[in-house]
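Enquirer: Quick one: the structure is below, and I'll ask about it shortly.
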Amino acid sequence: MNGDWQIELRALRYFVCVAEEKSFTRAAGRLRIAQPALSRQIKRLEDDLKVQLFERHARGTELTEAGEILLRRAYLIFNQIQQTHHDVTIQSSHLGGVVSVGMPPTPGEFIAPRLLERSKERYPDIELRFVEGFSGDLERKLANNEIGVAVMHDPAPRDEIHISKLLVEHLCLVGKTGTLKKPSYSLAEAGSYPLVMPSRPNFLRILIDGHAEQLNIPLNIVTRSDGIGHTKSLVKYGHGFTILTYGAIISEVQQGVLEAVPIQDPEILWTLCVAMRSDQSRKKTLAVIEELIREVVQELVADGIWR
């Protein structure tokens, strides 16, 4: 293999299928090709790369370390191909094609259903593909052209990304329903509670740490949890408190299992934005989806669901 190695997309697709199915037999059935032909394609790919991609055993196959690297890159390649198709076809006056929309878990929980409903009504030829991720991941995917539009919290200013503000959220102390007795808390008071918090470099954690360090306020972090679902579950079952936006716990407030009280002194704000690459911002399909996102967020606020 030399530096000019080029892979056939078909071989890469076959590789991904075997990796996902963990079986040559199941992958061959899914691809509707003979298993020996599939095995030959994978063997040729391994020979070209001069690495072993799969460990074969009686129960099926497992990826080697080299195989795991190739799988991650393969997903990136296929995402970029899909986005490239979108970028090319979007130039026509017809509003259609696939738009990849990235959203964090909790805003997406409320934005995505209304956005999809509205898009189907007004632009039936636009297909939305939703990608969930935290703001840092979405920012990287946006920069790499893997997604077309992203809803993010406080993205860092970048020349290649066009950012537009949706709303400003206030951070709150969050606890199991019935455990918070005051109408508001200072950061010093909130920091003294046993907190369930994400690890750095989580954007929210960095924001809170920055305010705490400025005021020399210690944070009583007793449990680290890097998943929003796990964090809310731990708090719901009484294993501590956390600091989140109200928008992050709307469902749990509606269910009566969590409550949120604003943090003041200082008031900590977190801006929710919609973003796209600057070189894509004039494209009509992306523009109408961005406008629909803005419309949905405004409705959620007007309806009192989001505050």
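Enquirer: Across the stretch 20-56, what is the number of residues that are outside any loop (DSSP other than H, G, I, E, B), of a type outside the set (Ser, Thr, Tyr) and out of contact with any Cys (no Cβ under 7 Å at 6 or more places or on another chain)?
Expert: Selection size over the stretch 20-56: 23.
A quick yes/no check of all residues on (1) of a type in the set (A, V, I, L, M, F, W, C); (2) in contact with a strand residue (DSSP E or B) (Cβ under 6 Å, 6 or more places away or on another chain); (3) within 25 Å of residue 210 (Cα to Cα):
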| position | (1), (2), (3) |
| --- | --- |
| 232 | no, no, yes |
| 252 | no, yes, no |
| 288 | yes, no, no |
| 298 | no, no, no |
| 307 | no, no, yes |
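Enquirer: When the stretch 17-73 is examined, which residues are found to be acidic (Asp, Glu) and touching a residue at least 40 places away in the same chain (Cβ under 8 Å)?
Expert: Listed by number, the residues that qualify are 48, 62.
Enquirer: Failed condition for residue 219, given (1) assigned to a strand (DSSP E or B); (2) outside the structural domain of residue 142 (by TED's automatic domain parsing), with all others met?
Expert: (1)
Enquirer: I'm checking my understanding of the structure. Among residues of the stretch 254-287 that are at pLDDT below 90 and out of contact with any Leu (no Cβ under 8 Å at 6 or more places or on another chain), which one is surrounded by the most Cβ atoms within 10 Å (Cβ to Cβ)?
Expert: The selected residue is 286.
Enquirer: Among the residues of the stretch 219-230, is there at least one that is under 29 Å from residue 101 (Cβ atoms), under 24 Å from the mean Cα position of the chain (by Cα) and modelled with pLDDT of 95 or more? Talk me through it step by step, then tell me what you get.
Expert: Within the stretch 219-230, the subset under 29 Å from residue 101 (Cβ atoms) is 225-230.
Narrowing the set further to residues that are under 24 Å from the mean Cα position of the chain (by Cα) leaves 225-230.
Narrowing the set further to residues that are modelled with pLDDT of 95 or more leaves none.
Looking through the stretch 219-230, none of the residues is under 29 Å from residue 101 (Cβ atoms), under 24 Å from the mean Cα position of the chain (by Cα) and modelled with pLDDT of 95 or more.
Residue-by-condition table, conditions (1) touching a residue at least 60 places away in the same chain (Cβ under 8 Å); (2) buried (at least 16 other Cβ atoms within 10 Å of the Cβ); (3) among the aliphatic types (A, V, I, L, M):
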| position | (1), (2), (3) |
| --- | --- |
| 117 | no, no, no |
| 121 | no, no, no |
| 132 | no, no, no |
| 138 | no, yes, yes |
| 150 | yes, yes, yes |
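Enquirer: Which of the residues belonging to the stretch 249-303 are part of a helix (DSSP H, G or I), of a type in the set (Gly, Ala, Ser) and in contact (Cβ under 8 Å) with a residue 12 or more places away in the chain?
Expert: Passing the criteria: 251, 278.
Enquirer: Checking the structure you have, find out if any residue of the stretch 202-218 is in contact with a helix residue (DSSP H, G or I) (Cβ under 7 Å, 6 or more places away or on another chain) and within 22 Å of residue 151 (Cα to Cα).
Expert: Scanning the stretch 202-218, I find at least one residue that is in contact with a helix residue (DSSP H, G or I) (Cβ under 7 Å, 6 or more places away or on another chain) and within 22 Å of residue 151 (Cα to Cα), so the answer is yes.
The values are calculated or read from the model by the stated rules, or taken from the named source; none is laboratory data. Values in this document were obtained by computation on a predicted structure and should not be read as measured data. Heads up, the Cβs are rebuilt from the backbone with ideal geometry, glycines too, and the neighbour counts pull from every protein chain shown.
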